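To start, the structure under review is shown below, and the notes come after it.
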Protein chains: 2
Amino acid sequence: MQGLMIGAPLLISDLIRHADRHHGDAEIVSKRVEVPTKDGSGAIHRYTYREAHARSRRLANALKKLGVGATDRIATLAWNGYRHFEIYYAVAGLGAVIHTINPRLFPDQVGYIANHAEDRIVFVDLSFLPLAEKVAPALKTVQHYVVMTDRAHMPQTSLPNALCFEDLIEGSDDRLVWPEFDEKTASCLCYTSGTTGNPKGVLYSHRSTILHAYAAALPDALNVSARDVVLPVVPMFHVNAWGLPYSCALVGAKLVFPGQHLDGRSLHELFEQEGVTMSAGVPTVWLGLLNYMKEHKLRFSSLKAVVIGGSACPPAMIRSFQDEHGVQVIHAWGMTEMSPLGTVSTLKGKHLGADKEAQYAVQNKQGRVLFGVDMKIVDSDGKELPNDGKAFGDLHVKGPWITTSYFKGEGGDPLRDGWFPTGDVATIDPDGYMQITDRSKDVIKSGGEWISSIDLENIAVAHPDIVEAAVIGIRHPKWDERPIVVAVKKPGAGITREELLKFYEGKIAKWWMPDDVAFVEQLPHTATGKLSKLALRGEFKDYRLPEST
Amino acid sequence: MQGLMIGAPLLISDLIRHADRHHGDAEIVSKRVEVPTKDGSGAIHRYTYREAHARSRRLANALKKLGVGATDRIATLAWNGYRHFEIYYAVAGLGAVIHTINPRLFPDQVGYIANHAEDRIVFVDLSFLPLAEKVAPALKTVQHYVVMTDRAHMPQTSLPNALCFEDLIEGSDDRLVWPEFDEKTASCLCYTSGTTGNPKGVLYSHRSTILHAYAAALPDALNVSARDVVLPVVPMFHVNAWGLPYSCALVGAKLVFPGQHLDGRSLHELFEQEGVTMSAGVPTVWLGLLNYMKEHKLRFSSLKAVVIGGSACPPAMIRSFQDEHGVQVIHAWGMTEMSPLGTVSTLKGKHLGADKEAQYAVQNKQGRVLFGVDMKIVDSDGKELPNDGKAFGDLHVKGPWITTSYFKGEGGDPLRDGWFPTGDVATIDPDGYMQITDRSKDVIKSGGEWISSIDLENIAVAHPDIVEAAVIGIRHPKWDERPIVVAVKKPGAGITREELLKFYEGKIAKWWMPDDVAFVEQLPHTATGKLSKLALRGEFKDYRLPEST
C-alpha cells in the first residue's frame, strides 16, 4: 500500500523556481571575467534569483533551438559566475547533462574527457579561450562553442561555430515550462582527476542533487539560511562547488561568485564589500587569505564561518580562524564520488561543556556523517572494524548521493558489498567522528604496522618554519618501509634536519619517527592543487636512507 | 539516461539505524506514565538511541510473531514517551502503518476511525485504558490490545486479548535486519479532526516522512542539530509531533518526552532538569507556561527557541518569549495534510538590519515556505492572485509531503489543478511571507468585501482585560454579514462593550468595526483544543444585531 502524498519528482528546476517565487529579490553577485571599463565600473555583475531564473529559461530555449535534448552533454570551461550558474539550471532543467570540465587539467586530459563525455556544446569563459582553442581540433563531438561574454567583449577566435552567450540570451524567449521527468535522470557529470589512469566520470542525478542540497544546508553541515551571504571559493567546475549553487537556491541565500581572482586581497575585498557571512574552499586558498590579512592587519566584519575541505585542514588554520578572527571553521570531508559531502566536524551537545582543547581535537577530525551517508572502516578481509578511534581501516561509504559506478562503466564495478571504497584509511571514534589517517596507497607499512603519513605531515607544518610538507615511505630492507619528511621551508627560515626531527619528539610513538628530512624548494601538485605523492615518490625513487636506521 | 548513484530508498528505518550508529549514546528521556515509587524514583526513564533501536527491533520481532505484516494498521492511544517512539520505528520499519489515534477525540470518533483504519493492534498508555475499554466493544478489526507498561504496573482490564508491552519486548530477540521496500510505501496514518463530517485519514509515506524530516531540521525551519535537546510538547498523536521524532533522529538531537503532564510547572521543571534548548507546541501550552513562570518569577536557563504553531501565535506571546525571556519564537504553520510543516516565519537577511518592530511584523505572519512546499493564493475562479501582501485569496499548496487524497478516497479528490486547497484564506507579501487572514468558511463577507475574523480576534486579545475572543459573521439584511466579537474577560476584569469597541478605533478600517460585543464565560473548543466557530455560530444562530447598524 502506497502513501497518499503528491507524487512530485525531485528536480533541479524546482530549486530555481522556488528561489524565484519565494526569494525573488535575493541577490546573486559576480565578479566579472570581462575586463572592467577604465573607471572600474562593470567589475561587478549584480542581479536576483528572479532574473537568473528568467535568463536560465531563455538560455534553455536557445539550447533547444540548437538541438539540445535530454541526455545530451553540455560542457563548461568556466569560473564561478552568474553565466555558469545559468548554464547549471538551463541544462539540467531541460533534462540534459551539464559536464563541468576542470580547466586546470592538462590540455590532453581536457580533450580526453570531452571526447569521452561526447560533449555537444562547450561554454567557455574568456580566460579559458586559449585552452579551448588548443584543445578544439581534437574534440570529435562538439558542434558549438559558446563564449561566455557579450558582443562588446566577443574576441576573435579560431573556435569552430563560436557563438556569443549574450546573443543567445537576447535572441531567446523566457517563456518556458520546465519539463517533468524521472528524478533519477542524470543531471551533471564530473570527472575525477585520479593520480593514476584516465579520469573517470561521476554522473549525478536530480534526486541525488536535491537530497544532497537538503543535507548540506543542515545546521550540522554548512548551516545555510536565507540570512546568509555565501561566497563559494571552491570552483563550480569542482564537484559543483560542493553543491552550494543548489543549497543556496534551496534556502534563498545571497550568492557571491568570485570569478577568477582567488588571491587573498581579491577575496577579502569581496567579503567586505558584499557582507559575506559564509565561504567555502580548500586550505591553500585560506592560507593565502590569512597571510594577506596578517600582513595588512585586516579583520573580517561580516564573515561568521568558513567551510574547509578538499584536503585535511591543518589544525593551526582552525585556530587562526577561530581564535584570531572569530570565524567558525566547518571542517568537512567528501569526494567527487560523494556529491561531495560525506562528513562534517561540527560539535555534538556533549562537547559544548568541554574545554577548548577538547573541542579543537574534535574539529581536527574530518567529522561525522550527515543522514544520507553511512560509513564504516573495514580490514583487508572486508570485516567491519570497531569505532574506537584507534583501529585503522579502509573507509567505505554508501547512500543516495554516492557513486554506484562510473560513466560508461569505466574501471568496472567499484562497490564492495554495496559500499563504495573511498581509497582512504581512517579511524572512527565512539562518537562517530572519522579521521583520515592516510590514503590507502600512501600509508607507510613498517614492520607489519601502519604509520599515517598525514599525521606526520601535520606535525611538520605545525612548525613555524615549515610551509608545506609531505611524508612518504622509502623501501627498507628490514622494516619494509620507513617514513621520510620532504619539506618546504619558509623564505629565510634556517631550520635544520635535526631541529625538525626534534620537533617530533614526544608527539608520536618512537617507531613513527621519520628516518630523514629532505628540504626542497617546492612539492609537486596535481591539476586540482593536491599534493602529488605519486610524483614525489617518483622523484625519491632512488633515495637512500641514512645508514644509522 | 539515469544518474549513477546508489539506489537507496528513503526509509524510516534508516533514521533509527543512523541515530544508533552515529549518535548511539545521545539520550532519549521520558517522563513515565506509570506512577513513580514513593521515593520519587522511576518518574523518569532514560536511555539512548542505541537502546531505543534495539528495543524497536525486539518489538518488531514481537509484532511479526503476532502476524503483523506489510500494510497492517497498528494503532496507538498514547502520550509522548519512549515506548511510543519505539512503536513509531518498529511498525514503520516493518512496512506496516502506524495509526496514531488522538485520545482527545470523543469515544465514538475513536471507534469510527479505528474501524475505518481497520486497526489490527491497539497500543494503549495506562491513562487511556478507560477510553480503550469503553471503545473496545465497538472495534471490529482489533485482534490485540497492548498495554504500554511493565508487568508490575499491568492493570486488570476488560480489554480482550490484552498483552503487556514489556512482556512482548522481553520475550523477543533484537536480531533483525530491517526490510527494504519502495519508499512510497505507506508508513503512518493520521486522521484530521474536521469540524464537520467524519474524520478523514491522511496517509504518509516513508519518502514524504524523510523529505519532511530533512526540511524541518533546516536553519530556516526548526533548526535542529546534534547540539540540541528537544522537548516536543506537541503530541505524538498529532501529526507525528510535527515530525520531531524523525528530525531529531536524523540529526542525533537529545529527545525529551514529557508524558501526560503539560502544565506550566511540569514543563518548566523538565526544561530545567534536562537542559532543553528547543521545544514545540500550540499557543495554549505556552500561555500556561508563561503564566506559571510569571507567577513564580522563574527564568529559563537553557531554552533557546520555541516553535509555536497549530493556531496563530498571538503577537504578545512572541514578545513575551523574546523580550522577557530571550527565547526565540519560531512561528510555524502547517496542517495534518502537510506532514505538517508548510511555512515558518524566520527572518531573511534583508530583515536583519531592520528595527525590532519591523522584525516583529515579519514574525507575526505564518511565514514563508520551505523548499518542498509551493504555495499560492487564488481567487474564486482559481486564478493566482499577486503576492503583494494585500490581496486575500484561498491558499493552495503542493509538494512531496502534501496529501493527494484521503484514505480510502473519503471526500473525493481534494486537489484543484494539482494543488491542495488548505481551507485557509491568506495574503502573501512580496518577500514570500504568508499570513492567514481567515478560514475560508470563517471569513466575513460584508458588502461584497471580505473581513478577516482573525485580525479582529487578535486585536481583542491584545486588550489586557480579554483572555480569549472569537469573531463571527451575523446575517445582516443589507450587508449580507456583519462581524461581532464574542469574548471571555480576565477574572475580575470590568471591561465594557463600549471600551472594547473603542479599543478597535484607529486599528482597522471603519467598515471592519464589529457591530457588537458579547461577553461569555467560555468559548467552545474542538477535541484538539481549537476554537470551534461551528459550535459558536450554532450558539449565536438566533442572535440579533443591535438596531443601529
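The values are calculated or read from the model by the stated rules, or taken from the named source; none is laboratory data. In this text, all values refer to a predicted model and were calculated from it rather than measured experimentally. Neighbour counts are summed over all protein chains in view; Cβ atoms, including those assigned to glycine, are modelled from backbone coordinates with ideal geometry. Just so you know, the surface numbers come from the protein's heavy atoms only, side chains and all, with ligands and any DNA or RNA stripped out. Shrake-Rupley method; radii C 1.70, N 1.55, O 1.52, S 1.80 Å.
Where residues in the range B:64-81 are within 14 Å of another protein chain (Cβ to nearest Cβ) and under 24 Å from the mean Cα position of the chain (by Cα), which of them is nearest to B:S30 (Cα to Cα)? Restricting to residues being within 14 Å of another protein chain (Cβ to nearest Cβ) and under 24 Å from the mean Cα position of the chain (by Cα), the top hit is B:I74. May I ask you to say which residue of B:L105, B:L131 is within 23 Å of the chain's Cα centre (by Cα) and modelled with pLDDT under 95? Sole residue among the options that is within 23 Å of the chain's Cα centre (by Cα) and modelled with pLDDT under 95: B:L105. Residues in the range B:389-416 that are of a type in the set (F, W, Y), open to solvent by 30 Å² or more (accessible area, probe 1.4 Å) and within 8 Å of chain A (Cβ to nearest Cβ): 0 in all.
Please go through the range B:68-81 and pick out each residue that is of a type in the set (A, V, I, L, M, F, W, C) and open to solvent by 10 Å² or more (accessible area, probe 1.4 Å). Give the derivation first.
We begin by selecting, within the range B:68-81, every residue of a type in the set (A, V, I, L, M, F, W, C); these are B:68, B:70, B:74-75, B:77-79.
Across the range B:68-81, the qualifying residues are B:V68, B:A70, B:W79.
The rows are residues; the columns are (1) in contact with a strand residue (DSSP E or B) (Cβ under 7 Å, 6 or more places away or on another chain); (2) crowded, with 18+ Cβ neighbours inside 10 Å; (3) hydrophobic (A, V, I, L, M, F, W, C); (4) within 14 Å of chain A (Cβ to nearest Cβ).
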residue: B:L15; (1), (2), (3), (4): no, yes, yes, yes
residue: B:A19; (1), (2), (3), (4): no, yes, yes, yes
residue: B:V33; (1), (2), (3), (4): yes, yes, yes, no
residue: B:R50; (1), (2), (3), (4): no, no, no, yes
residue: B:A62; (1), (2), (3), (4): no, yes, yes, no
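Per the conditions (1) away from chain A (no Cβ under 14 Å); (2) touching a residue at least 60 places away in the same chain (Cβ under 8 Å); (3) in contact with a strand residue (DSSP E or B) (Cβ under 7 Å, 6 or more places away or on another chain); (4) open to solvent by 20 Å² or more (accessible area, probe 1.4 Å), the sole criterion not satisfied by B:K254 is (1). Residues that are open to solvent by 60 Å² or more (accessible area, probe 1.4 Å) and more than 14 Å from chain A (Cβ to nearest Cβ) do not occur anywhere in the range B:185-193.
For A:G506, the criteria (1) within 23 Å of A:T437 (Cβ to Cβ); (2) surrounded by 15 or more Cβ atoms within 10 Å (Cβ to Cβ); (3) not hydrophobic (A, V, I, L, M, F, W, C) hold in every case but one, which is (2). The residues of the range A:82-97 that are open to solvent by less than 10 Å² (accessible area, probe 1.4 Å) and either out of contact with any Phe, Trp or Tyr (no Cβ under 6 Å at 6 or more places or on another chain) or away from chain B (no Cβ under 13 Å) (or both), listed by number, are A:H84, A:F85, A:E86, A:I87, A:Y88, A:Y89, A:A90, A:V91, A:A92, A:G93, A:A96, A:V97.
Is it the case, given these coordinates, that A:L244 is away from chain B (no Cβ under 14 Å) and buried (at least 22 other Cβ atoms within 10 Å of the Cβ)? So A:L244 passes the test. Cβ-Cβ distance below 9 Å, separation of 6 or more or different chains: which pairs start in the range A:290-307 with a residue that is among the small types (G, A, S) and end on one that is open to solvent by 90 Å² or more (accessible area, probe 1.4 Å)? Correct list of pairs: empty, since none qualify.
Considering every residue within the range B:317-333, establish whether at least one is in a helix (DSSP H, G or I), among the hydroxyl-bearing types (S, T, Y), out of contact with any Lys or Arg (no Cβ under 7 Å at 6 or more places or on another chain) and surrounded by 20 or more Cβ atoms within 10 Å (Cβ to Cβ). No, every residue in the range B:317-333 fails to be in a helix (DSSP H, G or I), among the hydroxyl-bearing types (S, T, Y), out of contact with any Lys or Arg (no Cβ under 7 Å at 6 or more places or on another chain) and surrounded by 20 or more Cβ atoms within 10 Å (Cβ to Cβ). In this entry, B:V251 is excluded by the filter for residues that are over 17 Å from A:L211 (Cβ atoms) and either of a type in the set (A, V, I, L, M) or in contact with a Pro (Cβ under 8 Å, 6 or more places away or on another chain) (or both). Cβ separations smaller than 7 Å between residues 6+ apart or across chains give the following pairs from the range B:203-227 residues that are at the interface with chain A (Cβ under 7 Å from one of its Cβ atoms) to residues that are of a type in the set (F, W, Y): B:L203/B:F407; B:S208/B:W401; B:Y214/A:Y214; B:A215/A:Y214; B:A215/B:F371. Evaluation of B:Q273 against the conditions (1) of a type in the set (S, T, N, Q); (2) within 10 Å of chain A (Cβ to nearest Cβ); (3) more than 16 Å from the chain's Cα centre (by Cα) shows that the sole unmet condition is (2). Step by step: first the residues of the range B:210-229, then only those that are among the β-branched types (V, I, T) and either open to solvent by 10 Å² or more (accessible area, probe 1.4 Å) or not in a helix (DSSP H, G or I) (or both), then the one that is nearest to B:T277 (Cα to Cα). Which residue is that? Residue satisfying both the conditions and the ranking: B:V229.
The single condition among (1) on the phi > 0 side of the Ramachandran plot; (2) within 14 Å of chain A (Cβ to nearest Cβ); (3) surrounded by fewer than 23 Cβ atoms within 10 Å (Cβ to Cβ) that B:G423 does not satisfy is (2).
Summed over the range A:360-388, residues that are free of Cβ contacts under 8 Å to residues at least 60 places away in the same chain and away from every other protein chain (no Cβ under 11 Å) total 13.
The rows are residues; the columns are (1) in contact (Cβ under 8 Å) with a residue 40 or more places away in the chain; (2) closer than 17 Å to A:K445 by Cβ; (3) open to solvent by less than 70 Å² (accessible area, probe 1.4 Å); (4) in contact with a strand residue (DSSP E or B) (Cβ under 7 Å, 6 or more places away or on another chain).
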{"site": "A:K478", "(1), (2), (3), (4)": "no, yes, no, no"}
{"site": "A:I484", "(1), (2), (3), (4)": "yes, yes, yes, yes"}
{"site": "A:A493", "(1), (2), (3), (4)": "no, no, yes, no"}
{"site": "A:R497", "(1), (2), (3), (4)": "no, no, no, yes"}
{"site": "A:V520", "(1), (2), (3), (4)": "no, no, yes, yes"}
{"site": "A:K530", "(1), (2), (3), (4)": "yes, no, no, no"}
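Condition test on B:P199, is it touching a residue at least 60 places away in the same chain (Cβ under 8 Å) and open to solvent by 10 Å² or more (accessible area, probe 1.4 Å)? So B:P199 does not fit the description; no.
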